[in-house]
Amino acid sequence: MNKYAERIYNGIWKENPIFVQMLGLCPTLAVTTSAINGLGMGLSTTAVLVAANIIIAALRKIIPDRLRLPAEIVVVASMVTIVDMLMEGFVPSLYSALGIYIPLIVVNCIILGRAEAYAMKNKPLISAFDGIGMGLGFTIALALIGGFREILGAGTVFGIQIMPASYQPISIFILAPGAFFVLSMLTALQNKLKAPCATNGSAKKKKKSGGCNGDCLSCSGHSQNTAE
Amino acid sequence: MVELLIIAISSALVSNVVLSQFLGICSFVGVSKQVKTSAGMGGAVVFVITIASIVASLIYEFVLDPLGLDWLKTIVFILVIAALVQIVEMFLKKCMVSLYNALGVYLPLITTNCAVLGVALNNVKYEYNFLQSVVNGVGTAIGYTIAIVLLAGIREHIEGNDIPHSFQGSPIVLVTAGLMAIAFFGFSGLL
């Protein structure tokens, strides 16, 4: 496997931002009311991630070390603004469904995490592949969670009826509490299978390899690890 | 007046920032181990969101909107919030040492709390005027404090219980948050 393919595999499977690193929980919970919303959110985040990674990697030698966080935030915020305007123009229905969560991609810790952990240290091309891998990992996770909630909560996937007509949708799954329940079942399953996951104790050693540099004390992974 | 009251109640309880808008989940799960620390976090969030919504709505009303620079709002708001947190921190360190010590590490963490940016963007989205923006900001922050203190109270009780192995750690916290979200649905009848 060459190093570009390795980056993509790494993002989708080995260090999947949601299932393994548990980053970016706000959009994960908020927009996964249906598979299409999850897919849309995932792809817009991917676009921002790839563009921000390329620009930050290209500028990595120019940005002074002390100013790197503000510089990264400006780059990410500019990319988000561009994606925001493109979506408003070309996919207005998705834009209104995702609403405020599009501009809030700025504070998604996956993006700043990859900028800090990868793009600041590597060349633009490989950083772009890192962004594609992480973005696809995020997209797949969001679409899966969204699809799961949509099946249970509405009996459809991508708007197509797949459950028999006699199925009574459990509508709580597309409401706010359902998001918490689905994510808790997912993390419980990871606990059970001892799969690596930043919020569970078993992943303590693997935590260092994650995209987040550990500067967010508020990250759910932190409290878990210090508690032990 | 009635309108302001409705905004306050709806932002604090009906569409609670954490439990129905999912903003600030990281700190909600991360800093809710003890009632005391979560109350400290809540206090810091109230403080910062109030100032941030005042400054952001002033900037929007007097700079961005008249100049037609509406599309720059995401960039401007995130920079303003980051700078603001720094300034508030320096000011408190010099002039109000006791409050600075009480807020401690939570203050710088708030920059990455999406609830702050979320409030500023929501104020623009709902076209609130200055007073409404401030009320919405304070209400949202109080809603955050209510939610995190309640969760911390429940978690302190969970500590002593025998939880199935798979659910130890974050899963049980998420289940608790889900049940709280159901309970908060009850407030939707208020308006």
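The values are calculated or read from the model by the stated rules, or taken from the named source; none is laboratory data. What you see is a predicted model, and the numbers here were worked out from it, not measured in a lab. All Cβ positions, glycine included, derive from the backbone under ideal geometry; neighbour counts span all protein chains shown. For accessibility, only protein heavy atoms count, side chains too; no ligands or nucleic acids. Shrake-Rupley method; radii C 1.70, N 1.55, O 1.52, S 1.80 Å.
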Inset, instruction - Let me know the mean shielding of B:15-22 by other chains, meaning the per-residue number of their Cβ atoms within 10 Å of its Cβ. - result: 4
Legend entry - Peptide-level mean, for A:63-72, of C-beta atoms on other protein chains within 10 Å: 1
Inset, instruction - Provide the FRET efficiency to the nearest 0.05 for the residue B:163-residue B:9 pair, computing r from the beta carbons and using R0 = 45 Å. - result: 0.85
Inset, instruction - Set the Förster distance to 56 Å, then compute FRET efficiency between residue B:93 and residue B:70 from the Cβ-Cβ distance, nearest 0.05. - result: 0.95
Inset, instruction - At 0.36 nm per residue, minus the direct Cα-Cα distance, what do residue A:6 and residue A:162 gain on full extension? Give it in nm, one decimal, please. - result: 52.6 nm
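Which order do you get for A:175, A:67 if you rank them by accessible area with a 1.4 Å probe, largest at the top? It would help to have the intermediate numbers written out before the result.
Numbers: A:175 80, A:67 100 Å².
Ranking A:175, A:67 by accessible area, largest first, yields A:67, A:175.
In whole Å, what three semi-axes, largest first, describe the equivalent ellipsoid of the protein assembly as shown built from its Cα gyration tensor (square root of 5 times each eigenvalue)? Let's see the in-between values first.
Values: eigenvalues 164, 148, 113 Å².
That gives 29, 27, 24 Å for the three semi-axes.
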Inset, instruction - Quick one: accessible surface of residue B:165, probe radius 1.4 Å, all protein chains present, in square angstrom to the nearest 10. - result: 120
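Past 28 Å, Cα to Cα: identify those pairs from A:14/A:121; A:14/B:73; A:14/A:123, in the order given. Can you show the working numbers first?
Values: A:14/A:121 20 Å; A:14/B:73 36 Å; A:14/A:123 21 Å.
Beyond 28 Å: A:14/B:73.
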Legend entry - Amide H contacts under 5 Å for residue A:157, placed H, 5+ residues apart: A:162
Legend entry - All aspartates and glutamates inside 20 Å of residue A:61 as judged from Cα atoms, apart from same-chain residues fewer than 8 positions distant: A:72, A:116, A:130
Legend entry - Inter-chain shielding of A:25-35 (mean C-beta neighbours from other protein chains, 10 Å cut-off): 4
Inset, instruction - Compute the FRET efficiency between residue A:66 and residue A:195 as 1/(1 + (r/R0)^6), taking r as their Cβ-Cβ distance and R0 = 60 Å, and round to the nearest 0.05. - result: 0.95
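Relative contact order of the stretch A:3-172: what whole-number percent is it, with Cα pairs under 8 angstrom and at least 6 residues apart?
Values: 246 pairs, mean separation 71.5, N = 170.
In percent, rounded to a whole number, it is 42.
Shape of the stretch A:3-172 from its Cα gyration tensor (a ≥ b ≥ c, root eigenvalues): rounded if a/c is under 1.5, otherwise prolate when a/b > b/c, or oblate?
Details: a/c = 2.64, a/b = 1.87, b/c = 1.41.
Prolate.
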Inset, instruction - For helix A:176-193, report the angle its Cα long axis makes with the longest principal axis of the Cα atoms of chain A; keep it between 0 and 90° and round to the nearest 10°. - result: 70
Legend entry - Helix runs (DSSP H) in chain B reaching 20 Å along axis by Cα, Kyte-Doolittle at least -1.0: B:35-59, B:73-95, B:130-159, B:170-185
Legend entry - Inter-label distance, nm, simple model (7 Å from Cα along the C-beta direction), residue A:90/residue B:126: 3.3
Inset, instruction - Quote the relative contact order of chain B in percent (integer), defining contacts as alpha-carbon pairs under 8 Å separated by 6+ residues. - result: 45
Inset, instruction - Would you kindly calculate the translational diffusion coefficient of chain B, applying Stokes-Einstein with the Kirkwood radius from alpha carbon pairs, for 37 °C and a viscosity of 0.692 mPa s, and quote it in µm² s⁻¹ without decimals? - result: 189
